[in-house]
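Step one of this worksheet: look at the structure below.
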Amino acid sequence: MATILDGRKVSKEIEKEIKAEVLSCDKNGYRPPHLVAVLVGEDGASKTYVTAKMKACEEVGFKSSMIRYDDTVTEEEILAEVDRLNDDDGVDGYIVQLPLPKHISVEKIIDRIDTAKDVDGFTPANFGKIDQEHHSLLPATPMGIIELLKRYDIETKGKHCVVVGKSHIVGMPMSILLAGPGDATVTLCHIHTKNLEEHTQIADIIVVAVGKPGLITGDMVKDGAVIIDVGTTRVPDSSKKSGFALKGDVDFATVEPKASYITPVPGGVGPMTIASLIMNTMIAYKKRMNF
Ligand code: GUN
């Protein structure tokens, strides 16, 4: 029986710690941190994520704002919004929720974000400092995973970590964080990897972020492995009020009995991403206020 890595519980602990800091700022007469989210279009998952991020802000006492555009918005309009947010002294951090409509270049938008306000940790300047001791803002999901491992005293030093998926948001920065500060031996697998199971079967820690429900099955993991599931695919489920269920990339039923620790979906990595966003906003705020 694996221990469940309870991201919901840990994120609540982190939010409590941040809330105490916000209260102390308030007592000393300072304004609260302010996080802005830019949401383009009507993608259901994106709306859910952004709503959860705004709710977390409210819970810790941050000011939060959501700026919405419909999916006919032009790239120039989003770039102009980014410029406005960069110049706004009352904004400590902001995110542009991805994915964006195809006619908008994600690269151009990210390149334009002020690195000091880049609480997603997506800009080249922040990304380039991931493995440095004095890093800036770390990418939120990998940062949340590292924090979750730390709070369960799971050592990465000298471990063989297999990361599956090489996205800019999760897999790529995750592999750098594990190999750099984490001192792990890392294998980065992806869509073109041959015989994926040959890699996963020898892993001490597996982080999977590809969006393919049930990709990792029990026969692909060794006894005692730590399993981190970043997948959140919506699959139709008539028993749910929403009409869908969230499915991870790990086949929980066959993997959990072999694992030592495992994240559930939902309630594992997702809440930790939000907690990291809150932590990054606090870091950006303190720098802006010269604390
Ligand atoms: N889309 C999926 N995950 C993320 C995230 O962490 N940040 C942003 N901005 N968009 C996302």
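The values are calculated or read from the model by the stated rules, or taken from the named source; none is laboratory data. Quick caveat: nothing in here was measured; it's all calculated off a predicted structure. Note: ideal-geometry Cβ built from the backbone for every residue, glycine included; neighbour counts use all protein chains shown.
Filter the stretch 255-287 down to residues that are among the β-branched types (Val, Ile, Thr) and in a loop (DSSP other than H, G, I, E, B) and give me whichever is surrounded by the fewest Cβ atoms within 10 Å (Cβ to Cβ).
Among residues in the stretch 255-287 that are among the β-branched types (Val, Ile, Thr) and in a loop (DSSP other than H, G, I, E, B), the one surrounded by the fewest Cβ atoms within 10 Å (Cβ to Cβ) is 265.
Can you tell me which residue in the stretch 76-89 is farthest from the ligand (Cβ to nearest atom), limited to those that are charged (D, E, K, R) and farther than 22 Å from residue 52 by Cβ? Break it down into steps so the answer makes sense when it comes.
First, the residues of the stretch 76-89 that are charged (D, E, K, R): 76-77, 81, 83-84, 87-89.
Those left that are additionally farther than 22 Å from residue 52 by Cβ: 76-77, 83-84, 87-89.
On the way: 76: 20, 77: 18, 83: 18, 84: 18, 87: 20, 88: 18, 89: 22 Å.
Going through the qualifying residues, I end up with 89.
Exposed (fewer than 15 other Cβ atoms within 10 Å of the Cβ), touching a residue at least 40 places away in the same chain (Cβ under 8 Å) and in a loop (DSSP other than H, G, I, E, B), is that true of residue 202? First the steps, then the outcome.
Numbers: exposed (fewer than 15 other Cβ atoms within 10 Å of the Cβ): yes; touching a residue at least 40 places away in the same chain (Cβ under 8 Å): yes; in a loop (DSSP other than H, G, I, E, B): yes.
When the stated conditions are applied, residue 202 passes them.
Counting only residues that are among the β-branched types (Val, Ile, Thr), crowded, with 24+ Cβ neighbours inside 10 Å and at pLDDT 95 or above, give me the helices (runs of 4 or more DSSP H) lying completely in the stretch 114-192 with at least 2 of them. So that I can check it myself, show each step before the final result.
On the way: elements: 124-127, 140-151, 171-179.
By residue number, 140-151.
When you go through 73, 91, 36, 50 one by one, which is the residue that is in contact with a strand residue (DSSP E or B) (Cβ under 7 Å, 6 or more places away or on another chain), part of a helix (DSSP H, G or I) and at pLDDT 95 or above?
Numbers: 73 fails: part of a helix (DSSP H, G or I); 91 fails: part of a helix (DSSP H, G or I); 36 fails: part of a helix (DSSP H, G or I).
Residue meeting the stated conditions: 50.
Take the residues in the stretch 12-33 that are touching a Ser or Thr at 6+ places or on another chain (Cβ under 9 Å) and either in a helix (DSSP H, G or I) or among the charged types (D, E, K, R) (or both); name whichever of them is surrounded by the fewest Cβ atoms within 10 Å (Cβ to Cβ).
Among them, the one singled out is 18.
What are the pairs, 6+ residues apart or on separate chains, where a residue within the stretch 90-112 that is farther than 14 Å from residue 47 by Cα and more than 14 Å from the ligand (Cβ to nearest atom) has its Cβ under 7 Å from a residue that is assigned to a strand (DSSP E or B) and of a type in the set (A, V, I, L, M, F, W, C)?
Matching pairs, first to second residue: 91/36; 92/35.
Contact list please: Cβ distance under 7 Å, first residue in the stretch 15-38 and acidic (Asp, Glu), second residue surrounded by 12 or more Cβ atoms within 10 Å (Cβ to Cβ) and at pLDDT 95 or above, pairs at least six apart or on different chains.
Matching pairs, first to second residue: 15/56; 15/59; 15/60; 15/275; 15/278; 21/282; 26/32.
Restricting the stretch 39-62 to residues that are over 30 Å from residue 261 (Cβ atoms) and free of Cβ contacts under 8 Å to residues at least 12 places away in the same chain, which is farthest from the ligand (Cβ to nearest atom)?
Filtering first and then ranking leaves 58.
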